[in-house]
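The structure appears below as structure tokens.
Read the figures in this text as sums done on the coordinates, not as results from a lab. What you are looking at is a predicted structure, and each value in this text was computed from that prediction instead of being measured. Positions of Cβ are generated from backbone atoms using ideal geometry, with glycine treated the same way; all protein chains shown enter the neighbour counts.
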Amino acid sequence: MQAIESLPVPHLFHLPENCIYLDGNSLGLLPVETQKLLDDTIKNEWGNRAIRSWNETWYEYSEKLTEKLAPIVGAHPEDLLFCDNVSSNLYKLLHACLKGVKGRSTVLSDDLNFPSDLYVLQGVLSELDSGMTVKLVSSSDNIHIPTEKFVEQIDADTALVYLTQVAFKSGFMHDMRAITEAAHRHGAMVLWDLSHSVGVVPIDLESTNVDMAVGCTYKYLNGGPGAPSFMYINKRLQDRLHCPVQGWFGSLNPFEFQLDYKPAQGIGRFKTGTPPILSMKAIEKGLDIINSVGIKQIRDQSMRLTTLFIEKVQTELTSLGFEVASPLDPNQRGSHVSLKHPEALMINQTLIYPSDGSTAIIPDFRAPDNIRFGFAPLYNSMEEVEMTVEQLKRIVTQKLHMRAQMPEQKVT
Ligand SMILES: *Cc1c(COP(=O)(O)O)cnc(C)c1O
């Protein structure tokens, strides 16, 4: 693919009709090339080549993808792996790194973290039954936590620092380098969740000397619903960590069918069973787009979008009851912005389902009073930012949201 000179590049995606799509931080849009690749995979690789495709392309497909992910996260391909979902990979890594730890009894995280990440941790700690506890650093404003305040909680009792780089609700971005260095100074490990930052924020796992990381592929990487997650393990640790799910794909020689498990060398031991090839194939073309633009250009455009949005909200919407619930400093936030409003749920509903046939605007709602606007620099434009602010203003001044119908929804 040729280098792309300027953003956005909406023609590379299937854009939902009559819609401004601001939910790329939850489910990225479908790249046009992905549909073609999946059509071909289904027709030719599955349909025609069938089982022969395992040797022809499928068996080492994760390795092909890691080549393309590597520049996006600043890692070597052989330290990356695609498999399972984020929660399952967190389980495997947490179990692997906490089992057998002696003389350290806390895992340090924060209360901005994604609940699933904390649930998995709670489960692992109760399973290991080693007396280790979770310590959550809390945010005083539900938006951010100053790096100094977090770092001063790390001490000789900390086994692991366990954080999400960009918070799912407020969009606050931790200082990965400073926190990783502080953890290492105290002899603790770090495990970073990159789900809300990968693809929009420059990440340099290798030079930051991160121990372990996971990330999601269906958000800013545009890999499609339920696309497998990726993990990173620093070379230093790969042969010391033991995967608790000892599946055949993570064993030394799966097709020798030995009855006793021996782990594969390197990160491959964290594979479990047969990879979901169709979902993995849906990741490739999105990575190509990001690599052809370059993460720096993406980050610059992301900052322009979120900055314009915040400026417009401050000048046009604060008198209407809206409040910015994200960091105002662009260096401290990812690519989404949360707004608080007492009637957020009804306003969100009116944006998505306008009753007067105007353009639908799709952000998402996070209880109790947050609307999250995800700005995907690959396909969102500055004009869409302005139209969104106009529509918010129109809804509240004309009280259109007071008439919103509230369908029951499981996914918000
Ligand atoms: C999206 C996201 C996940 C998703 O987890 P799955 O197990 O893949 O559903 C996990 N953690 C964070 C921080 C996320 O943003």
Given the options I154, I51, I72, state which has the largest fluctuation in a GNM of the chain using a 10 Å cut-off (strictly under) for Cα springs. I51
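Work out the FRET efficiency for E60 and R177 from their Cβ-Cβ distance, taking R0 = 35 Å, and round it to the nearest 0.05. Numbers along the way, then the final one.
On the way: r = 33 Å, r/R0 = 0.94.
Efficiency for this residue pair is about 0.60.
Filter the GluC sites (Glu not before Pro) in region 1-56 down to the DSSP loop ones having no more than 15 other Cβ atoms within 10 Å, then list what survives. Show your work: numbers first, answer last.
Numbers: sites: E5, E17, E33, E45, E56; in loops: E5, E17.
In loop regions of region 1-56 (DSSP not H, G, I, E or B), the sparsely surrounded GluC sites (Glu not before Pro) are E5, E17.
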Using alpha carbons only, how many degrees (0 to 90, rounded to 10) separate the axis of helix 86-98 from the longest principal axis of the chain? 50
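Among 274-281, 305-312, how do they line up from the highest to the lowest mean number of other beta-carbon atoms within 10 Å? Walk me through the intermediate numbers first.
Details: 274-281: 18.0, 305-312: 19.6.
Going from most to least packed, we get 305-312, 274-281.
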Within straight-line cross-link reach of K149, lysines at Cα separation under 22 Å, skipping those fewer than 8 residues along the same chain: K135, K169
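Please tell me which of these pairs span more than 27 angstrom C-alpha to C-alpha: K99/K285; K64/K99; K68/K271; K99/K281; K92/K235; K312/K399?
K99/K285; K64/K99; K99/K281
Trypsin sites (Lys or Arg not before Pro), restricted to region 28-102: which are DSSP loop and have at most 11 other Cβ atoms within 10 Å?
Numbers: sites: K36, K43, R49, R52, K64, K68, K92, K99, K102; in loops: K99, K102.
Sites meeting the loop and neighbour criteria: K102.
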For the chain, percent of DSSP beta bridges that are antiparallel (nearest 5) comes out at 50
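Before anything else, pin down the relative contact order of region 69-164: Cα pairs under 8 Å, at least 6 apart, normalised by residue count, whole percent. Walk me through the numbers before you get to the answer.
Numbers: 94 pairs, mean separation 33.9, N = 96.
For region 69-164, the relative contact order is 35 percent.
Give me the percent of DSSP beta bridges within region 191-333 that run antiparallel, rounded to the nearest 5. Each step should come with its number before you reach the end.
Numbers: 5 of 8 bridges.
Rounded to the nearest five, the antiparallel share is 60 percent.
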For D364, which sequence-distant residues (separation of 5 or more, or a different chain) have an amide H within less than 5 Å of its own amide H, given hydrogens modelled in the peptide plane? R372, G374
Just rank I4, I42, fewest to most, by other beta-carbon atoms within 10 angstrom. I42, I4
Using a simple spin-label model with points 7 Å from Cα along the Cα→Cβ vector, what separation in nm is obtained for E67 and R52? 2.2
Can you order the peptides 374-381, 206-213 by their average number of other Cβ atoms within 10 Å per residue, highest first? 374-381, 206-213
Using the per-residue mean of other Cβ atoms lying within 10 Å as a proxy for protection, in what order, highest first, do the peptides 131-140, 116-125 fall? 116-125, 131-140
Simple spin-label model, 7 Å along Cα-to-Cβ: Q405 to T359 in nm? 2.4
Percent relative contact order for region 265-377, counting Cα pairs under 8 Å at least six residues apart, stands at 22
Could you state the number of Å between the C-alpha centres of region 255-333 and region 178-224? 11
Which of Y21, Y220, Y353, Y162 has the fewest Cβ neighbours within 10 Å, and the rest in rising order: Y353, Y21, Y162, Y220
Excluding same-chain residues fewer than 8 positions from K102, which aspartates and glutamates have a Cα within less than 12 Å of its Cα? D157
Estimated vicinal HN-Hα couplings, Hz - region 29-44 in sequence order (Karplus 6.51, -1.76, 1.60; Gly, Pro = x): 7, 7, x, 4, 5, 5, 4, 5, 5, 5, 4, 5, 4, 5, 6, 8
Long-range amide H contacts for L81: which residues qualify at under 5 Å (H placed 1.01 Å from N, peptide plane, sequence gap of 5 or more or a different chain)? M231
When we measure straight from the Cα of K296, which aspartates and glutamates land under 13 angstrom away, once same-chain ones fewer than 8 places off are left out? E5, D204
Which of H14, H336 has the fewest Cβ neighbours within 10 Å, and the rest in rising order: H14, H336
